[in-house]
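Structure record follows, encoded as structure tokens.
The values are calculated or read from the model by the stated rules, or taken from the named source; none is laboratory data. This structure is a prediction, so every number in the text was calculated from the model and none was measured. All Cβ positions, glycine included, derive from the backbone under ideal geometry; neighbour counts span all protein chains shown.
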Amino acid sequence: MRGGHARIALILSMALLAGCAVFHSRPRAPDVTLIRVTLVRAGLLEQDYRLRLRLHNPNAVSVKVKRIHYHVRLDGEPFASGSSDENVSLPPHGDGTVDLDARTDLLAFVGRLSRHARKSPAPPAIPYAISGSAILAMPGSPVVRFSRNGSVRVRL
């Protein structure tokens, strides 16, 4: 009978350790895609934009993002950087969106966008690069980094 108890104790210990490994493994960074850039206000010295990001959770467990730091380049040029404290809950393998306000003083960039817009009746697709980090709302508040290139439609 003692051998049976030892086996059960060993199996329970292994199951407990495996469970701890699942809960304490470092989560993977969300996939971040810039899906929209909208010009909100264009002044002589500053322009206000609204950026919409799609966050995809590649993890098998839900993840809550409590802060995002980001840097965006559009058409190869620095465009905007900042952070957001908007909490976004992402279900396992699911998506969420976050809107960010950005202010630039790149008047030349508005001119470049206008030239792109004149070439096509649809909003122009501009190459982008986004990078940054996300702070997750979980024990230890892990910081995960992200980076992505793509193209985005810019609405003037």
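Summary of values
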| quantity | calculated |
| --- | --- |
| Any hit, segment 124-134, residues being surrounded by 15 or more Cβ atoms within 10 Å (Cβ to Cβ), modelled with pLDDT under 75 and closer than 14 Å to Leu39 by Cβ | yes |
| Strands (runs of 3 or more DSSP E) (entirely within segment 52-92) containing at least 3 residues that are of a type outside the set (Ser, Thr, Tyr) | 63-74, 77-84 |
| Long-range neighbours under 6 Å by Cβ, at least six apart or interchain, first residue at pLDDT 90 or above and surrounded by 12 or more Cβ atoms within 10 Å (Cβ to Cβ) within segment 141-156, second outside any strand (DSSP E or B) and not basic (Lys, Arg) | Val144/Ala29; Phe146/Ala29 |
| Subset of segment 33-61 (residues that are surrounded by 13 or more Cβ atoms within 10 Å (Cβ to Cβ) and within 12 Å of Leu90 (Cα to Cα)) | Arg54, Leu55, His56, Asn57, Pro58, Asn59, Val61 |
